[in-house]
Amino acid sequence: LVVPFAAGGPTDVVARTLGASMTRTLGQTVVVENRLGAGGTIATAAVARANPDGYTFFIHHTGMATAPALYRKLPFNPLTDFEFVSQAVEVPMTLLARKDFPPNNFPEFAAYVKANAAKINLANAGLGAVSQLCGMLLEKSLGVKVTSVPFQGTAPAMQALLGGQVDILCDQTTQTLPQIKGGKVKFYGVTTPARIKVMPEAPTLAEQGLKGFEVVVWHGIYAPKGTPKPILEKMNAAVRTALKDPMVVQRMAEMGAEIVPDSQLTPEALQVKLKTEIDKWGPIIKAAGAFAD
């Protein structure tokens, strides 16, 4: 099971948690391989070229949908070069600021950012990271342009926020829950349409006036094009079983990740999700001119 990001990151944790459960269902070890580089596109291209013998699978997040816009020369087509297995989990995003950032709630935040955009900086985990996409959508929604500060991953971006070197960060609950619950940052809301299970008391940005703002890190599992259908069906069944495993359910809840409904666990649903997300993010990325190449 190829992961296009570093060990210990959110996608890697999802992969290893699922893999441990699927090992029992499949009767053979699911080996997680981290293949890094170029915002996940090196691993994606390698899987697209891999032997479709049923021994190579791939897990990727929202970046599978943003790559066609971020990279003007892409060595694969996400919609045509892969077989679709299943969606898995969705991870909400949270909007944070350094602890001494003046606004105390989101309406104040929106007004303050609009009035002071030129001197505000917004951290992200690097070009193509969902934190960067969240930042771009926030700028578009507020009608402002702030200074983006890319880091080499979520951890250094969070450290900069905790240290007061940057003002704002939008990132996954898998990374932000400890800081929010520990009162180490200012928290303005979640980026999902509805409140989330892990923090039911936390308001959404939409209910605070930022209409149509939704950023969720969704994960899908793919295989090289041409992988036999019986193998895809077997893998889909293993994913479904894993997502009902109490160990997996508990681990995902601890991370703030939400297991998608059964209706979204079909290959067809993953294909529709990918196409919808490509159509959503493409215009935003192209309008921002945020190309990776």
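The values are calculated or read from the model by the stated rules, or taken from the named source; none is laboratory data. Just so it is clear, the structure is predicted and the values come from calculations on it, not from any experiment. As a convention, Cβ positions derive from the backbone with ideal geometry for all residues, glycine included, and neighbour counts pool all protein chains shown. Ligands, DNA and RNA are excluded from the accessible area calculation, which covers all protein heavy atoms including side chains. Shrake-Rupley method; radii C 1.70, N 1.55, O 1.52, S 1.80 Å.
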Open item on the list: Go through segment 116-125 and report how many residues are small (Gly, Ala, Ser), open to solvent by 10 Å² or more (accessible area, probe 1.4 Å) and outside any helix (DSSP H, G or I).
Closed with: 1
TODO: State yes or no: is residue 128 surrounded by 22 or more Cβ atoms within 10 Å (Cβ to Cβ) and assigned to a loop (DSSP other than H, G, I, E, B)?
DONE: yes
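Across segment 136-160, which residue is modelled with the highest pLDDT among those that are assigned to a loop (DSSP other than H, G, I, E, B) and touching a strand residue (DSSP E or B) at 6+ places or on another chain (Cβ under 7 Å)?
From segment 136-160, those assigned to a loop (DSSP other than H, G, I, E, B) are 143-146, 151-153; that's our starting set.
Retained after the next criterion (residues that are touching a strand residue (DSSP E or B) at 6+ places or on another chain (Cβ under 7 Å)): 146, 151.
On the way: 146: 96, 151: 88.
Checked segment 136-160; the qualifying residue modelled with the highest pLDDT is 146.
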- [ ] Considering only segment 173-195, state which residues are under 26 Å from residue 114 (Cβ atoms) and open to solvent by less than 20 Å² (accessible area, probe 1.4 Å).
- [x] 176, 185, 188, 189, 190, 191, 192
Open item on the list: Can you find, within segment 93-107, the residue that is nearest to residue 202 (Cα to Cα) among those that are touching a residue at least 40 places away in the same chain (Cβ under 8 Å) and open to solvent by 40 Å² or more (accessible area, probe 1.4 Å)?
Closed with: 105
Task: Among the residues listed as 133, 127, the single one being modelled with pLDDT under 95, farther than 26 Å from residue 202 by Cα and of a type in the set (A, V, I, L, M, F, W, C) - done: 127
Task: Breaking point among (1) modelled with pLDDT of 95 or more; (2) touching a strand residue (DSSP E or B) at 6+ places or on another chain (Cβ under 7 Å); (3) surrounded by fewer than 23 Cβ atoms within 10 Å (Cβ to Cβ), for residue 113 - done: (2)
Open item on the list: Looking for something in contact with a strand residue (DSSP E or B) (Cβ under 8 Å, 6 or more places away or on another chain), open to solvent by less than 10 Å² (accessible area, probe 1.4 Å) and closer than 24 Å to residue 186 by Cβ - is there at least one such residue anywhere in segment 73-92?
Closed with: yes
- [ ] Count, please, the residues in segment 53-72 that happen to be open to solvent by less than 50 Å² (accessible area, probe 1.4 Å) and not in a helix (DSSP H, G or I).
- [x] 9
Open item on the list: Take residue 78 and tell me if it is modelled with pLDDT of 95 or more and closer than 29 Å to residue 135 by Cα.
Closed with: yes
TODO: Give just the number: which of (1) touching an Asp or Glu at 6+ places or on another chain (Cβ under 9 Å); (2) crowded, with 21+ Cβ neighbours inside 10 Å does residue 206 not satisfy?
DONE: (2)
- [ ] Being closer than 23 Å to residue 231 by Cα and in contact with a Ser or Thr (Cβ under 7 Å, 6 or more places away or on another chain) is the filter; apply it to segment 3-20 and report the residue that is modelled with the lowest pLDDT.
- [x] 4
Open item on the list: Tally up the residues in segment 241-293 that are open to solvent by 10 Å² or more (accessible area, probe 1.4 Å), more than 18 Å from the chain's Cα centre (by Cα) and among the small types (Gly, Ala, Ser), please.
Closed with: 4
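Would you confirm whether or not segment 160-171 contains a residue that is in contact with an Asp or Glu (Cβ under 9 Å, 6 or more places away or on another chain), under 22 Å from residue 107 (Cβ atoms) and surrounded by 22 or more Cβ atoms within 10 Å (Cβ to Cβ)? Explain how you work it out, then say what you get.
The first filter runs over segment 160-171 and keeps only residues in contact with an Asp or Glu (Cβ under 9 Å, 6 or more places away or on another chain), leaving 161, 164.
Those still in the list that are under 22 Å from residue 107 (Cβ atoms) too: 161.
So of that shortlist, the ones also surrounded by 22 or more Cβ atoms within 10 Å (Cβ to Cβ) come out as 161.
The answer is yes, given that some residue of segment 160-171 is in contact with an Asp or Glu (Cβ under 9 Å, 6 or more places away or on another chain), under 22 Å from residue 107 (Cβ atoms) and surrounded by 22 or more Cβ atoms within 10 Å (Cβ to Cβ).
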Open item on the list: Where the second residue is basic (Lys, Arg) and open to solvent by 20 Å² or more (accessible area, probe 1.4 Å) and the first is part of a helix (DSSP H, G or I) and lies in segment 3-28, which pairs have Cβ atoms under 6 Å and are six or more apart or on separate chains?
Closed with: 17/251
